[in-house]
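Enquirer: Pasting in a structure now, in structure tokens, and then I'll have a few things to ask.
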Amino acid sequence: MGLDIYAGTLTRYYSHNWKTVVQQWAEENGYSFNRITPDGEPADDEELSPTNVQAAVENWRDQILAAISQPDQPPYAPWPEDNEKPYYTDKPDWDAFGAMLLVAACRTYEEPVPPTVEKDWIFGEHPLIARLASDEERVWSLFRGVTWWLPLTDSFLFQGPLPTDDTVAIATLGGLRKELEKLNQLAWQADEDTILGWADTEGYPVDGTVDSDGQYSKADIPEHTQYDTQSLAKFAFSMFWRAMRFAEEQQVPILLDY
């Protein structure tokens with residue numbers, strides 16, 4: 001099961017009015033694409049009308065904002081919901097997401113960053129990642145299982161219901177920005193143009209070649225079982241940074257989709 005990042009309205013998300021980068025690539029190159037749920041079943045395409053989805057999402061949004069607003073402070077302003085606002089999406093996948101967490105944990109505790117990570121590694125079991133995930137003095141939403149970041153400037157996280165009634169860890173865009181800035185300060189001190197470029201220049205090695213006839217082949221490429229930690233971390237970090245900047249500009253949530 002892969003990992004995609006989505007920044008956009010919840011109406012578009014729940015109306016399935018968006019395409020992952022893999023879906024976009026498949027359509028552009030004439031391939032079919034079927035989404036599979038975590039339990040291995042085809043994704044259910046039955047859906048409410050966008051109008052009904054928007055009404056349900058707005059009701060959920062207003063209830064959540066009322067519940068987390070402070071009694072002595074102005075209530076949080078609702079972000080706009082519709083089925084037309086643009087969205088951003090990309091695919092860091094789990095190995096790169098884990099590499100990003102590993103770099104953050106190593107730099108936080110001043111330990112060396114391992115040069116490589118294994119393909120399909122279980123990053124949550126790494127001692128330093130597990131340590132930072134339970135560190136009460138350093139609370140990072142990225143390490144606490146957060147999968148939603150709401151477009152609020154305050155920094156906090158909480159357990160709350162989704163529109164589907166599932167309960168998850170939810171955080172804020174303001175908090176995510178602070179975490180990404182902290183990670184960049186600890187690990188790279190890169191300027192924004194450099195960060196934005198990493199999604200195109202870093203990441204997974206190419207697992208095949210395209211010959212002169214346009215045919216794709218893996219025959220001459222050995223199976224990759226290890227990845228460069230820093231390259232994967234920068235790759236994922238760039239996508240999170242792009243999503244964060246997009247969400248700030250558009251005033252929309254960020255979701256992890258898997």
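The values are calculated or read from the model by the stated rules, or taken from the named source; none is laboratory data. Note that the structure is predicted; figures quoted are calculated from it, not measured. Note that each Cβ is placed from the backbone with ideal geometry, even for glycine, and that neighbours are counted across all protein chains shown.
Enquirer: Could you tell me which residue of the stretch 53-75 is modelled with the lowest pLDDT, considering only residues that are of a type in the set (S, T, N, Q) and surrounded by 11 or more Cβ atoms within 10 Å (Cβ to Cβ)?
Expert: Checking each candidate, the answer is Ser69.
Enquirer: Is it the case, given these coordinates, that Asp120 is crowded, with 17+ Cβ neighbours inside 10 Å and charged (D, E, K, R)?
Expert: No.
Enquirer: Sort out which residues of the stretch 124-150 are of a type in the set (Val, Ile, Thr) and in a loop (DSSP other than H, G, I, E, B), and write them in order of number.
Expert: Val139
Enquirer: Tell me whether the stretch 109-119 contains one or more residues that are modelled with pLDDT under 95, in a loop (DSSP other than H, G, I, E, B) and not hydroxyl-bearing (Ser, Thr, Tyr).
Expert: Yes.
Enquirer: Residue check, Lys178 against (1) among the charged types (D, E, K, R); (2) at negative phi; (3) modelled with pLDDT under 95, all met but one. Which one?
Expert: (3)
Enquirer: Is there a residue being crowded, with 18+ Cβ neighbours inside 10 Å and either in contact with a Cys (Cβ under 6 Å, 6 or more places away or on another chain) or of a type outside the set (Ser, Thr, Tyr) (or both) anywhere in the stretch 154-163?
Expert: yes
Enquirer: Cβ-Cβ below 9 Å, separation at least six or inter-chain, first residue in the stretch 64-91 and touching a residue at least 12 places away in the same chain (Cβ under 8 Å) and polar (S, T, N, Q), second surrounded by 14 or more Cβ atoms within 10 Å (Cβ to Cβ) and part of a loop (DSSP other than H, G, I, E, B): which pairs?
Expert: Every condition considered, the pairs that remain are Asn83/Thr9; Asn83/Ser15; Asn83/Asn17; Thr89/Gly8; Thr89/Trp18; Thr89/Lys19; Thr89/Thr20.
Enquirer: Further question: How about the stretch 54-94: which of its residues are among the aliphatic types (A, V, I, L, M) and in a helix (DSSP H, G or I)?
Expert: If the condition is that a residue be among the aliphatic types (A, V, I, L, M) and in a helix (DSSP H, G or I), then Ala55, Ala56, Val57, Ile64, Leu65, Ala66, Ala67, Ile68 are the ones that fit.
Enquirer: Every residue in the stretch 1-52 that is at pLDDT below 80, among the hydroxyl-bearing types (Ser, Thr, Tyr) and more than 26 Å from Ala171 (Cβ to Cβ), please.
Expert: Tyr31, Ser32, listed by residue number.
Enquirer: Condition first: of a type outside the set (Val, Ile, Thr), in a loop (DSSP other than H, G, I, E, B) and touching a Gly at 6+ places or on another chain (Cβ under 9 Å). Now tell me which residues in the stretch 152-164 satisfy that.
Expert: Matches in the stretch 152-164: Leu152, Asp154, Ser155, Phe156.
Enquirer: Let me ask another. Would you check if there is a residue in the stretch 97-116 being of a type in the set (Ser, Thr, Tyr) and crowded, with 22+ Cβ neighbours inside 10 Å?
Expert: no
Enquirer: When you look at Asp228, is it modelled with pLDDT of 75 or more and over 14 Å from Leu180 (Cα atoms), yes or no?
Expert: Yes.
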